[in-house]
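Below is one structure, written out as structure tokens; the observations come after it.
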Ligand SMILES: [Zn+2]
């Protein structure tokens, strides 16, 4: 017997990327729960980087498409905290 379980053959990058528009159209955040897609994502650095980019873009687009979510004080606080925790932004202040 072979070690092939339910997957007859691994997805190619083209097949994987064919599924991406559906993923990002359905939920809007590109959440992947298809085992075949996850398997490819796990083994392919190229596609995992692509998905990361798409998820980032989808996230940004979602914020743009939802004007009801006005930037609250809480959001700005988080941004400021994010900047403060990034050491590259602290260099100027700590310059000797
Ligand atoms: Zn791939």
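Bear in mind these aren't lab numbers, they're just calculated from the coordinates by the rules spelled out. Computed from a predicted model, the values in this text were never measured in an experiment. Backbone-built Cβ (ideal geometry, glycine too); neighbour counts: all protein chains shown.
Modelled this way, with points 7 Å down the Cα-to-C-beta line, the labels at residue 79 and residue 49 are 2.9 nm from one another. Given their separation in residues at 0.36 nm each and the Cα-Cα distance between them, residue 72 and residue 25 gain 14.2 nm when the chain is fully extended.
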